[in-house]
Every structure is written in C-alpha cells, then in structure tokens.
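Here, each number is a calculation from the coordinates, and none is a lab measurement. For clarity, every value in this text was computed on a predicted model and none was experimentally measured.
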Amino acid sequence: MQFRVMLVLIIILSVALTSTGCTFNKASPAVPTPGTGVVQTTVSASSGGVLTTETTSVIPSYNMVKVDVLEKDYLGKIPVIFQGGEGLIHVKKIDVKLTRTDGSVQTATIGIRKGDQVELEGTRGEGPLRGPIDRVEVWVTMDNGQTYKTNDELREYRTR
C-alpha cells in the first residue's frame with residue numbers, strides 16, 4: 001500500500017516538473033532595456049565620416065518581429081522589408097532612419113503588413129564619397145506603446 005502511494009507521488013511530481021520545464025522562458029535579455037522599452041539614439045557623423053552601430057533592443061518572444069535591411073544596390077538604394085513574425089498583430093508603426101556618411105538623415109515609415117517595404121536613398125559612392133558606408137536604424141512601436149530598436153546596421157556601397 002505504501003509503495004503505491006509513493007509511486008503515485010513520484011509520477012505526480014515528475015509530471016509537475018516536466019510541465020514547468022516546458023513553460024520556462026530560456027531567452028533572457030543580454031542587455032537590459034529601459035523600463036519604457038524606448039531606445040533613444042544620438043547620431044553624429046564625425047569629420048572623417050565614420051559611422052558606428054549601437055546595440056538593439058531585446059524583444060520578448062511573444063512580440064518578436066523581423067525587419068530585413070537588404071544590401072545597398074548599385075544605385076545606392078537600400079531596401080528595408082517588414083517580414084512579420086509572432087508579434088505581427090501588435091505592431092503599430094515601423095520607423096526607419098538612414099544616416100549617410102556626410103551626416104544627412106532620411107526617415108521613412110514602413111507599413112505594418114508582412115511584405116511592406118521602403119527604399120532608402122543611400123550614398124551612391126560618387127566623387128570624394130566613393131564607397132562610403134550608410135547606417136540604417138529600425139524602430140518598431142507596439143500597440144502597448146513600447147518601442148524596440150530592432151536593427152542598427154551599416155551598409156556599404158556595392159562593388160563589382
């Protein structure tokens with residue numbers, strides 16, 4: 001009788017441990033984000049035209065979305081495409097900012113449907129700016145008001 005009670009308790013305990021292990025969130029943020037979820041960035045191009053990137057926000061898995069910043073083409077255009085994701089229904093707005101080597105800035109807003117895109121006018125690489133690098137930053141605003149910086153990438157002028 002005591003053996004059966006112990007066996008039942010062991011089975012119940014193993015089921016409880018197994019089910020809690022399945023709901024454990026293994027993804028922990030590598031970089032702490034502010035409580036508001038808003039990432040503020042100041043961008044300045046030095047006289048040498050050197051651009052750098054900063055760390056991006058860690059988005060919770062239930063709000064995960066993907067935005068692709070593609071390679072700069074031979075005309076200097078940089079396509080930015082919203083690929084959707086698990087948090088697609090929570091996206092309110094997607095803002096994109098392009099900073100060129102000369103310090104000029106272009107901003108755009110992408111639609112919130114999967115496949116929506118925008119083309120940014122990057123530096124083409126003419127004259128003294130031959131082969132410069134442009135910086136592309138993407139911020140996604142969710143319906144709860146939080147804004148996440150999802151991309152911060154450098155794009156070089158495409159060579160042969």
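A few notes on this one:
- Across the range 67-75, coupling constants 3J(HN,Hα) worked out from phi with the 6.51/-1.76/1.60 Karplus curve, θ = phi - 60°, read 10, 9, 9, 7, 5, 5, 7, 5, 8 Hz, and Gly and Pro carry x.
- Listed values for the range 77-90 are Karplus-derived 3J(HN,Hα) couplings in whole Hz (6.51 cos²θ - 1.76 cosθ + 1.60, θ = phi - 60°), namely 7, 10, x, 10, 10, 7, 9, x, x, 4, x, 3, 6, 9, and x replaces Gly and Pro.
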